[in-house]
Amino acid sequence: NILGGLFRAYALSGDQRLAIYYGEQVIHLASQIKYYDAAFANIQTLTAFLIEQKQFAKALPHLEKGLELAEAQNNSVWQVDMLSQLGYTYYLQDQIEGALAHYEKALVLSTQLEDLSIQANVLGRIAAVRADIGNIEASVDAAEKSLALAKEIENVALMAEQQILLAFNFRDLDQLDKAVMFCNEAIVSFEVLGDVERMQQAQTLLAELK
């Protein structure tokens, strides 16, 4: 529709004020006519735009609204998405407790959904946050679970992220044999992905470990 087109156009142009205005209008209209799929999709687009613009405080109420809509529609996939985005937004604001609380809720729901891809991604985010706050053993636990699922679903990108995280984690735990093992695995995964920069970073870490 016209409102949606204006929203996307202003978002692409980087005009924050008008993008927010038309984004809110299209979400409101879609909700009024009970076109909930469109309302949720536009909440996703608006919040992604706001996060990209580093307008975290403005993104949060829209994410909360998206979560309320997901709960009202009893849509667990939507709920996991909003909880994960809330976790990410809190993380970007260095609100670690808020980030972990939302990620843990997302993990519970993703486990109930039996969606291995969603579960693996949420575990990966938890692992990264735990590592950032120095909770290395908890990070290892989440990263190993994420890696196992990533291998099962053959998600090489996620495998690479967990392998390099585990390499750093085991380095910090002074378990160098494991650090080297995961570093070598990460190098192979980054090579498969064609990510030369990340592969070189992993190779640099490997040289430091030996």
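The values are calculated or read from the model by the stated rules, or taken from the named source; none is laboratory data. Everything numeric here is computed off the predicted structure, so don't read it as measured data. Cβ: placed from backbone, ideal geometry, glycine included. Neighbour counts: every protein chain shown. Accessible surface areas use protein heavy atoms only, side chains included; no ligands, DNA or RNA. Shrake-Rupley method; radii C 1.70, N 1.55, O 1.52, S 1.80 Å.
Brief remarks follow.
- Backbone N atoms of segment 150-168 closer than 16 Å to the 7 Å Cα→Cβ label point of residue 113 belong to residues 150, 153.
- At the residue level, residue 168 shows approximately 80 square angstrom of accessible surface with a 1.4 angstrom probe and all protein chains present.
- Pairs of Lys in the chain closer than 28 Å at Cα, counting only those 8 or more apart or on different chains: 14
- Ordered from highest to lowest accessible area with the whole protein assembly present and a 1.4 Å probe, 13, 76, 146 read as 13, 76, 146.
- If R0 is taken as 35 Å, the Cβ-Cβ distance between residue 13 and residue 178 corresponds to a FRET efficiency of 0.10.
- Whether segment 5-87 is rounded, prolate or oblate, judged on the alpha carbon gyration tensor where a/c under 1.5 counts as rounded: oblate
- Linear extension gain, residue 21 paired with residue 74, 0.36 nm per residue minus alpha-carbon span: 16.3 nm
- Taking mean projected area of the Cα convex hull in nm² as calculated from this structure, the corresponding entry among [x] 15.7; [y] 12.6; [z] 12.0 is [y].
- Label-to-label distance for residue 92 and residue 201 is 1.8 nm, based on points extended 7 Å past Cα in the beta-carbon direction.
- Compared with the direct C-alpha span, the chain from residue 141 to residue 29 gains 35.9 nm at full extension, assuming 0.36 nm per residue.
- Backbone geometry of segment 38-48 corresponds, through the Karplus equation with coefficients 6.51, -1.76 and 1.60 at θ = phi - 60°, to 3J(HN,Hα) couplings of 5, 4, 5, 4, 6, 4, 4, 5, 5, 5, 4 Hz, x marking Gly and Pro.
- The accessible area of residue 34, taken with all protein chains in place and a 1.4 Å probe, comes to roughly 140 Å².
- Residue-level accessible surface for residue 94, protein heavy atoms, 1.4 Å, Å²: 130 Å²
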